[in-house]
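Right, one structure below, let's go through it.
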Amino acid sequence: MPWTETESLSFLARHEEGDEECAERTLDDLEELRLRLEDRFENAPGGITIVIHPSGGWLAAAHPLLPAARLAAAPGARRYLAGWAASNELHVLNDASLAGRAGAEDSLRALLGTSGRLYAQLVVALNNGRTPPPWGPMRFLRYLRWAWLVEGSAQYFSGQTPYFRAALSRRLSGDEEPAFPPSARDAITLGGTIFDLLDREVGPEACELLVSRLRKDGPMAALEAAFRVDVGVIEDAWRGHLRALVGRQPG
């Protein structure tokens, strides 16, 4: 099927014919998100191309590190790795493929928000300078160490953390307690909860501080600087926050 293009004020979507509705929804969502991020970051760029792929195979072929990232994630989280951010492009699946991966309603909303999370990831990277994109072997290794920050900030700044609560509930129903901060296996499921807690306890400016740079002394020092308390206090508050979020699940 031939490829075509759909434009908005700040973005361009490349997609197969027949995916025009998906492209228009994606561009509308990104325009709204860009306006919000312009109020929080010095650089929230336009001129980004969104490439909408018809299948997971096409998506993986476009970015060979995506399968490696999916292998690093827990099996229950892999469905949400449905796109990839490059320096000036976002690669995502079309709405039909996203719907095919979804479980319940929140899962579908999270998957339909993939382009927004990827754009937020790109904005954080531009303003941070050390988080991906761009990608490469060293940045991928850095991503594995800081995946909770990369994935969590993307959820938080795109406003999608609530859509992962069902996935959080499933994760906490297992036998193994999650690490703090979350490992790469749990980053896309639990990373947003750190930013949600930080926003509630300290404020949105603290979230912006946390993503402004990667501290050389590591994630624990970064968390202490953002929360302004000892890491043990943060961990206890975070685990309580997780229990509270699960307690608010319906049924």
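The values are calculated or read from the model by the stated rules, or taken from the named source; none is laboratory data. Note that the structure is a prediction, hence the values are computed from the model and not measured. Every residue, glycine as well, gets a Cβ built from its backbone with ideal geometry; the counts of neighbours run over all protein chains shown. These area figures cover heavy atoms from the full protein model, side chains too; ligands, DNA and RNA do not enter into them. Shrake-Rupley method; radii C 1.70, N 1.55, O 1.52, S 1.80 Å.
Listed values, structure above:
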| read-out | value |
| --- | --- |
| P(r) histogram, all alpha-carbon pairs of region 181-251 included - 10 Å bins from 0, percent | 19, 54, 23, 4, 0 |
| R0 of 45 Å, Cβ-Cβ distance Ser10-Met138: FRET efficiency to nearest 0.05 | 0.90 |
| Principal axis dimensions, largest first and in whole angstrom, of region 1-148 by Cα | 39, 36, 29 |
| Loop sites in region 1-86: GluC sites (Glu not before Pro), DSSP, at most 16 other Cβ within 10 Å | Glu17, Glu42 |
| Computed Kirkwood radius, in angstrom, where 1/r is averaged over Cα pairs of region 135-184 | 12.2 Å |
| Solvent exposure, largest accessible area first (probe 1.4 Å, DNA, RNA and ligands not counted), of Trp135, Trp148 | Trp135, Trp148 |
| Relative contact order of the chain, pairs being alpha-carbon contacts under 8 Å that are 6 or more residues apart, as % | 15 percent |
| GluC sites (Glu not before Pro) restricted to region 138-235 and DSSP loop, no more than 13 other C-beta within 10 Å | Glu176 |
| Using θ = phi - 60° and Karplus 6.51 cos²θ - 1.76 cosθ + 1.60, couplings along region 47-59 (whole Hz; Gly, Pro as x) | x, 9, 9, 10, 9, 9, 9, x, 7, x, x, 4, 5 |
| Extension gain from Glu31 to Thr49, taking 0.36 nm per residue of separation minus the Cα-Cα distance | 5.2 nm |
| Exposed trypsin sites (Lys or Arg not before Pro) absent: longest stretch of the chain, with sites in DSSP loops and at most 16 other Cβ within 10 Å deemed exposed | 41-129 |
| Heavy-atom accessible area per residue - the chain, 1.4 Å, Å² | 45 Å² |
| Length-normalised contact order of region 66-173 in % [C-alpha pairs under 8 Å, at least 6 apart] | 26 percent |
| Value at 222 nm in deg cm²/dmol, rounded to 500, when DSSP H runs of n ≥ 4 in the chain each add -39,500 (n - 2.57) | -17000 deg cm²/dmol |
| Approximate spin-label separation Ala60-Val202, in nm, with each point projected 7 Å along Cα-to-Cβ | 3.9 nm |
